[in-house]
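Just so it is clear, none of the values below were taken in a lab; they were calculated from the coordinates. Since this is a predicted model, take the numbers as computed values, not measurements. All Cβ positions, glycine included, derive from the backbone under ideal geometry; neighbour counts span all protein chains shown.
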Amino acid sequence: MKLLHSTRSVAGRFAVFLAIALCGTLFLFGGKATAAGYPERPIELIVPWGPGGGADQLARLISKLMEPMLGQGIPVVNVPGGTGATGMAKLLASPPDGYSMAIYIADSHALLAGKTPRWTMDDITPVAVMMKVPSFIFVKQDSPFKTWADFEKEAKANPGKLKVATLGFGSVDDFSLSVLAKAGINVVQVPFSKPSERYVSILGGHADALYEQAGDVAQFLNGKQMRPILLFGEKRLDRFKDIPASYELGYKVALPQFRSIVVRSGTPPEIVKKLSDALKKVYDSPEYKKFMEDQYCDPNSWEDSAHAPAFVKQQLEDMKKTLATN
Amino acid sequence: MTDILIQLTHGFVACLSPVHLTLLFFGIVIGLLIGVLPGLTLVMGVALALPFTYQMDVTASIILLGAMYVSGTYGGAFTAILFKIPGEPIDVPMLWDGYTMGRKGKPAKALGWTLVAALGGGLLSAIVMVALTEPLAKFALSFSSPEYFVIVMFGLLSVVAIGKGSLANAFISMSVGILISAVGVDPIYGAPRFTFGSPILADGIEFLVVMVGAYGVGEVLTRLETGFATQPIEKIKNARTELPTWKELKEVKGMFFRSSVVGDLIGLLPGAGATIASFVSYGIEARFGKRRKEMGTGVAEGVIAPQAAATASVGGALVHLLALGIPGSGATAVMLGAFMLHGIQPGPQVLVTSAPMVYTIFASIFLGLFLMCAIGYLAIKPLIKILDFPEAVVSAYVLTLCFIGALSIRNNITDLWLIIAFGVIGYGFERLKFPIAPLVLGVILGPIAEDNFMNTMISFSNDWTVFFTRPISGTIVAFTVIVLLLPFIQKLRAHYLATA
């Protein structure tokens, strides 16, 4: 997902066009939303990130697959900025009528664990969790660390020497590393908000390891330039059988990068249910399955509107837990 | 090598299909328009076009985006030379010699030089890109935060040093720019700075707001002061594009080559891009060029250096994207998105597995450069006519475009007030003889410098000597010091020679 941080200020001019188009439709079809005939007009899907990144790709795919199901257009609106905060502000400024929804991901969610979040869990209603992507520690292909044990040994022998490239302080990456630190694995976290610089730091040998999701570095995995040494999760994955999972080594941390769909709180429950059902059909389609595979998703990612809120809340609790005992 | 040529020939053939040619044409035209409009940068333009490419196949979409990227580095020169308003950040150096050359009655000549510079710089970097993709990509990997930081410092210091006015004023101007760029949430620790609790300020001040305000609105205010009665440029009847003659070209071939290489190399580095290329190239020319003393008075070298480097940087950035799968600039980051949406991960294996596509893209860059110059050549004549309109009318249009540009950055009405504020600041700077370029450059490069400085400090446990001890970084530092001290050494030498 972190792909388009570099262009996050490259705001969505496209958003202007769509906003105008939407205002037009609002004008034509105005009036109170009722669950019975929902949806009567296009539903905007806000992406709080720039075009082209992981969240954007998910949104475009949902829009394409869901439009014929609901019989209404689902225009995607990119509103990048502030680690997702700008796009969320747009969602929270729209009426809670089910005609605005947003892609909500773990990176934005991590802001809620910070000191002055601009929204809280009470402001949003998760409709569905569409993907959960586990994170890994990667090293360069020819790295001297053959396995996680090598890395762990070196980190314990020389605390504060090994460099791990991450998204930044206060991010999910940071939370996961802090759990390792409590287990005595002290590394230097080097924050690169731009994915390009993060990957160069590994390929160029400027950092020793990288915290990332596999789908984002798939080209380097296929090209034999990087390899994983540790998975953050409870169980090993079939596609990386030899890579130990954090839980089996005793690090109780598994913060996946999740991508969900949220609407504003106060949206009628029938509408939320309707959206959730449609999203389930999207989730079950072969095209979506292929997308999940390319992104190295957890095959059991789906959470419907009944379970998504609990999952999202639990994620926040887990993030806070890593901080609290620090 | 022959293998590459054969592949490239196939690429050209694929490029000549009606669909690809049409997209190439539209990409070039849209890119030029984006370049011309102040406030709408080429990165935004490419991002704006991305959703339209979802229905196309991957080669077609990259051809469209690549064409926009190339011509976007060229269009801004028109407004810079004709109206003293940079259409893109890369065109700020164009104001010094390009605009001056225009004021001296040779706007067509200045535009002719930019055309040749864009073509030459672009072609050279395209050739380098095709021939040396992989070794260049490997070279780029040896750069890390300390290197990026010292390159940015070189860009910042050279713009301070090359100004004609007071060094102190230029330095103050740059410092104000860097301070403005510090507004907002700090990128490393998330601490709010100068935000006064306002959510708008927490998102920071966009460099575009400062650039469009200080140059666009500021320039209109300056003209307002004289009652829109700036000495009109001598009327040019039947204005034609004046391409430089062979003789003139021969005189500048050395620096032409140098500027293109600088642009290509800087384009290779992630995060640097066309703007730094343009400034650094101008800075080098102003220090080491044959006619360094005349820079800023409307000489051809001052037009070629920034333009050739800016267009050349495109090739460098594309090498990085195609060979490493890592975007080196904002525009290539969007292009990476286009690749991924079609399920293609650029990277070393793409050169092998998708060679036809890669070479079609290479070929489209070559064709695009020629097409861009042909369109530019034809556009110069009607565009120069704009200079015949009453200044007040043109200024009204300029102001409108500035406002549209500012609003489109993030659809925020506060940005409109900000560009007015920065317009007044820019006007004040101009009146008080503080140069504006260091202010704007400070705002653009301040965050990049900060990010890389902080990263260096974190990775090397606060050891600032790494800037000097790492080989590449140390070399750039030494070069920067030479550039800064050169005028003093020359003065001392002149003094010594005079007294001896």
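Antiparallel versus total DSSP beta bridges in the protein assembly as shown: what percent is that, nearest 5? Write down the numbers at each step before the final one.
Details: 26 of 39 bridges.
DSSP beta bridges in the protein assembly as shown are roughly 65 percent antiparallel.
Averaging sequence separations of C-alpha pairs under 8 Å and six or more residues apart, then dividing by the length of region A:122-234, give the relative contact order as a whole percent. All intermediate terms of the calculation are to be shown ahead of the outcome.
Details: 162 pairs, mean separation 49.1, N = 113.
The normalised contact order for region A:122-234 reaches 43 percent.
Positive end of the dipole of chain A, charges at C-beta (+1 Lys, Arg; -1 Asp, Glu), about the Cα centre: which of A:42, A:250, A:296 has its Cα farthest in that direction?
With unit charges placed on the Cβ atoms, the residue in question is A:250.
How are the Cα pair distances of region B:81-167 distributed, in percent, across 5 Å bins from 0?
With a bin width of 5 Å, the distribution comes to 3, 11, 13, 15, 18, 18, 12, 8, 3, 0.
Please build a GNM for chain A, connecting alpha carbons under 10 Å apart, and tell me which residue among A:231, A:275, A:61 fluctuates the most.
The residue that fluctuates most here is A:61.
At 222 nm, what value in deg cm²/dmol follows for the protein assembly as shown if DSSP H runs of at least 4 each add -39500 (n - 2.57) and the sum is divided by all its residues, to the nearest 500? Can you show the working numbers first?
Working: 34 runs with 487 residues, N = 826.
Helix contribution divided over all residues of the protein assembly as shown: -19000 deg cm²/dmol.
Report the charge-dipole magnitude of the protein assembly as shown in Debye, nearest 20, computed about the Cα centre from +1 at each Lys and Arg Cβ and -1 at each Asp and Glu Cβ. Provide the component values of the computation, followed by the final result.
Values: 67 positive and 60 negative charges, 317 e Å.
Roughly 1520 debye, rounded to the nearest 20.
Taking the C-alpha atoms of chain A, how large are the radius of gyration and the largest Cα-Cα span, Dmax, in Å?
For chain A, the Cα-based Rg and Dmax read 20.2, 68 Å.
Computed from the mean reciprocal separation of all distinct C-alpha pairs, what Kirkwood hydrodynamic radius does the protein assembly as shown have, in Å? Provide the component values of the computation, followed by the final result.
Values: mean 1/r = 0.0363 Å⁻¹.
Its Kirkwood hydrodynamic radius stands at 27.6 Å.
For chain B, the longest stretch holding no chymotrypsin sites (Phe, Trp or Tyr not before Pro) located in a DSSP loop with at most 13 other Cβ atoms within 10 Å is which?
Numbers: sites that count: B:189, B:196, B:464.
Within chain B, the longest run free of exposed chymotrypsin sites (Phe, Trp or Tyr not before Pro) spans B:197-463.
Just the number: Rg to Rh for chain B, Cα atoms, Kirkwood Rh, two decimals.
Values: Rg = 22.0 Å, Rh = 23.0 Å.
Dividing the radius of gyration by the Kirkwood radius yields 0.96.
Provide the descending list of Cα extents for region B:245-288 along its principal axes, expressed in whole angstroms.
Each principal axis gives a Cα extent; for region B:245-288 these are 37, 19, 12 Å.
What's the magnitude of the charge dipole for chain A around its Cα centre, counting Lys and Arg as +1 and Asp and Glu as -1 at the beta-carbon? Answer in Debye, nearest 20. Could you put the intermediate results ahead of the total?
Working: 38 positive and 33 negative charges, 81 e Å.
Here chain A has a charge dipole of around 400 debye.
Could you pull the Rg and Dmax for region A:206-326, using just the Cα atoms, both in Å?
Reported Rg and Dmax, both Å: 17.0, 52.
What does the charge dipole of chain B about its Cα centre add up to, to the nearest 20 debye, if the Cβ of each Lys and Arg holds +1 and the Cβ of each Asp and Glu holds -1? Walk me through the numbers before you get to the answer.
Numbers: 29 positive and 27 negative charges, 323 e Å.
Rounded to the nearest 20 debye, it is 1560 debye.
Would you mind checking region B:334-355 for residues with the amide N under 19 Å from a putative spin-label position 7 Å along Cα→C-beta of residue A:64?
B:334-346
Figure the gain on full extension for residue B:251 and residue B:226 (residue separation times 0.36 nm, minus the Cα-Cα span) and round it to one decimal in nm. Show your work: numbers first, answer last.
Numbers: separation 25, 0.36 × 25 = 9.00 nm, distance 3.89 nm.
Extending this stretch completely gives an extra 5.1 nm.
Once the dipole of chain B is set up with Lys and Arg at +1 and Asp and Glu at -1 on Cβ about the Cα centre, which of B:59, B:393, B:486 lies farthest towards its positive end?
B:486
Over chain B, what relative contact order in percent results from Cα pairs under 8 Å that are six or more residues apart? The partial results should precede the final answer.
Values: 888 pairs, mean separation 137.8, N = 500.
About 28 percent, as a whole number.
Can you give me the three principal axis dimensions of region A:135-249 from its C-alpha atoms, in Å, biggest first?
33, 30, 27
Please identify every one of the trypsin sites (Lys or Arg not before Pro) in region B:42-143 that sits in a loop by DSSP and has no more than 15 other beta carbons within 10 Å of its own beta carbon. Don't skip to the answer; put the middle values down first.
Numbers: sites: B:84, B:103, B:104, B:109, B:138; in loops: B:84, B:104.
Answer by residue number: B:104.
Between A:304, A:238, A:174, where does the largest GNM mean-square fluctuation fall for chain A, given springs only between Cα atoms within less than 10 Å?
Maximum fluctuation in the GNM of chain A, among the listed residues, is at A:238.
Considering only region A:135-249, what is the antiparallel percent among its DSSP beta bridges, to the nearest 5? Intermediate results must be reported in sequence, preceding the final value.
Numbers: 11 of 18 bridges.
Looking only at bridges with both residues in region A:135-249, the antiparallel portion is about 60 percent.
Please list, in chain and number order, the residues 5+ apart from residue B:185 or on another chain whose amide H is under 5 Å from its amide H, with Hs placed from the backbone.
B:193, B:204
Tell me, what is the percent relative contact order of region A:45-112, built from C-alpha pairs under 8 Å that lie six or more residues apart? Before the final figure, lay out each step's value.
Numbers: 91 pairs, mean separation 28.0, N = 68.
The normalised contact order for region A:45-112 reaches 41 percent.
Report for chain A the percent antiparallel among DSSP-assigned beta bridges with both residues inside it, nearest 5.
Approximately 65 percent, going by the DSSP bridge assignments.
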